[in-house]
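Peer 1: Please see the structure below; I have some questions.
The values are calculated or read from the model by the stated rules, or taken from the named source; none is laboratory data. Everything numeric in this text was worked out from a predicted model, so none of it was measured. Cβ coordinates were reconstructed from backbone atoms using ideal geometry, including for glycine residues, and neighbour counts include every protein chain displayed. Side chains are part of the model used for accessible areas, which takes the heavy atoms of the whole protein and leaves out ligands, DNA and RNA. Shrake-Rupley method; radii C 1.70, N 1.55, O 1.52, S 1.80 Å.
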Amino acid sequence: MTVSDLQDSDASSDDGDETPEPESGWHEHADTQQQTVPAPAAAVREPVRTGAFGFDTYALRATITLAEDKLEALARRFYANLFASRPELRELFPAGMEVQRSRLVSALIRIVGSAENREELVSYLEGLGRDHRKFGVITEHYGPLGSALVMAFRQELGEQWTERHEKAWVHAYDTIAMIMAESAERDAVMWPAWWDAEVVFHRRLLDDLAIIQARPHTDYPYRPGQYCYVQSSRRPKMWRALSMASAPRDDGLVEFHVRAVGAGWVSSALVWRTEAGDVLRLGAPQGYDLANPRSERDLLCIAGGVGIAPILAGLQELEQRLDGRRVHVFYAGRDRDSLYALPHLESIGVRYRRLTVVPVVSPEGPEDRSPDLMGNIVSAYGDWRQHDVYLAGPTTMVQAALSRLREQQIPEEQIVCDDYGTW
């Protein structure tokens, strides 16, 4: 069922009794009150720019721009609409909705940003569709989700919302829902909605950082560099994205490196309350294959904090298959003690001689978090235009390093980023 299949009806926009949220990109939609606002003359004269699937990309982007200062309110409206129209969907979500609202906004921005790149958009949406199976989302839910989204835009933008905007989003969402639902249905034939995995090893390396090894009860197919959403039985309905820190192993063990972040409920439970015998839920693997055997380019890896985890997984596989590519790893931490994976990297380097590791710690000490430090050091080392580039770590470090690399005119298709937020 799509948005255009639904009868629109009024729904409360009161967000006082919001719902708990799963942590993913797209859990969203509800009812809508029909009210067509005449399009301003300027909007009508603007030529329709069609992207992938014939999307009106001008109208989609214009909507995001108009809502730029209202995105948090838009997300609140969306969930209020959804739960007013379909109260039974409330139970799919955890108690705190802040992370979920943020992920909804990020997903909308990414989808609109990819509207003219069919391959990128389809890949992203198919991943979302597969991943949402773990929340209990089924095909019948996509209609109410789309209706709630359109209504939220209409409510927040008021007279700025035009008939053209409405048509653009109805068309786009119908396509989005179709791709996600079909991907989920295909995935359901081959794989479970999630994998149960028993914790067999838990060790805190630092006060706020732990290494966890878990054994899935059935085969868990992933590639080095990928991540998955993890749920602890101590935090039901709440999921946290974690990169696998080990290459696929014969014994089936999967390793994660977890840092407790601020008031993060899941990360704190995984670091301080988890023990051997606990059972985690793992969502479907997602993301970039760091050890892609089809690439012949050398690798530049830039990491901060636990952003080193997927790089370790990739290096393990490259070592195992005696890959001939050179790999440069720049590894940053607040201080020398926080470079917890350095001994592991050095051990791999003894066997994999094509690996170069450069530790990066500010000479000003742990209080200096200059985001330019890593970018300056990487740029000073040479020309990286012939490399595949992978960055993972704190937002400021990743963005600053990325800016310096772009100055070298490295093709965008050779760069992959994973934003780990804060130190």
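Peer 1: Show me the trypsin sites (Lys or Arg not before Pro) within segment 287-321 that DSSP assigns to loop and that have at most 11 other Cβ atoms within 10 Å of their Cβ. List each step's numbers first, then the result.
Peer 2: Numbers: sites: Arg294, Arg297, Arg321; in loops: Arg294, Arg297, Arg321.
Here the sparse-neighbourhood loop sites are Arg294, Arg321.
Peer 1: Let me ask something else. Kindly state, to the nearest 0.05, the FRET efficiency for Asp208 paired with Glu185, given R0 = 41 Å and r defined as their beta-carbon distance.
Peer 2: FRET efficiency, Asp208 to Glu185: 0.50.
Peer 1: Here's something else I'd like to know. Rounded to the nearest 10 Å², what accessible area does Lys70 have for a 1.4 Å probe in the complete protein model?
Peer 2: 70
Peer 1: Can I ask one more? Considering the zone a paramagnetic label at Val279 would reach in this model (a point 7 Å from Cα along the Cα-to-Cβ line), which residues of segment 107-143 have amide N under 20 Å from it?
Peer 2: 133-137
Peer 1: Where in segment 284-340 are there GluC sites (Glu not before Pro) that are in a DSSP coil and have at most 10 other Cβ atoms within 10 angstrom of their Cβ?
Peer 2: Here the GluC sites (Glu not before Pro) that fit, given the DSSP loop and packing criteria, are Glu296.
Peer 1: Using 0.36 nm per residue of separation minus the Cα-Cα distance, give me the extension gain between Glu198 and Gln399 in nm, one decimal.
Peer 2: 68.8 nm
Peer 1: If the cut-off is a Cα-Cα distance under 25 Å, which lysines reach Lys237, setting aside same-chain residues fewer than 8 apart in sequence?
Peer 2: Once the sequence-local lysines are set aside, what remains near Lys237 is Lys134.
Peer 1: For Arg215 and Arg294, what is the calculated FRET efficiency with R₀ set at 41 Å and r taken between the beta-carbons, to the nearest 0.05? Write down the numbers at each step before the final one.
Peer 2: Values: r = 30 Å, r/R0 = 0.72.
In this case the efficiency is close to 0.90.
Peer 1: Where in segment 79-119 does the amide nitrogen come within less than 18 Å of the point 7 Å from the Cα of Glu140, taken along Cα to Cβ?
Peer 2: 82-93
Peer 1: On to the next question. When we measure straight from the Cα of Lys167, which lysines land under 24 angstrom away, once same-chain ones fewer than 8 places off are left out?
Peer 2: Lys70
Peer 1: Here's another thing I want to ask about it. If you add up the charges near Ser183, with Lys and Arg at +1 and Asp and Glu at -1, over every other residue whose beta carbon is less than 12 angstrom from its beta carbon, what do you get?
Peer 2: Residues near Ser183 contribute -2 overall.
Peer 1: While we're on this one: Tally Lys/Arg at +1 and Asp/Glu at -1 over every other residue whose Cβ is under 13 Å from the Cβ of Gly324; what's the total?
Peer 2: Cβ neighbours under 13 Å give a net charge of +2.
Peer 1: Determine, from the Cβ-Cβ distance of Glu120 and Met178 and an R0 of 22 Å, the FRET efficiency 1/(1 + (r/R0)^6), rounded to the nearest 0.05.
Peer 2: Given R0 = 22 Å and the Cβ-Cβ separation, E is 0.80.
Peer 1: Starting from the 7 Å offset along Cα-to-Cβ, what nm value, one decimal, do you get for the label separation of Arg385 and Glu88?
Peer 2: 6.0
Peer 1: Rounded to whole Å, give me the distance from the Cα center of segment 249-272 to that of segment 186-234.
Peer 2: Comparing the Cα centres of segment 249-272 and segment 186-234, I get a distance of 9 Å.
Peer 1: Give, as a single signed number, the net charge of other residues whose beta carbon lies under 15 Å from the beta carbon of His257, with Lys and Arg counted +1 and Asp and Glu -1. Please report the intermediate quantities before stating the final value.
Peer 2: Numbers: positive: Arg203, Arg204, Arg240, Arg259; negative: Asp207, Asp208, Glu255, Asp418.
Summing Lys/Arg as +1 and Asp/Glu as -1 gives 0.
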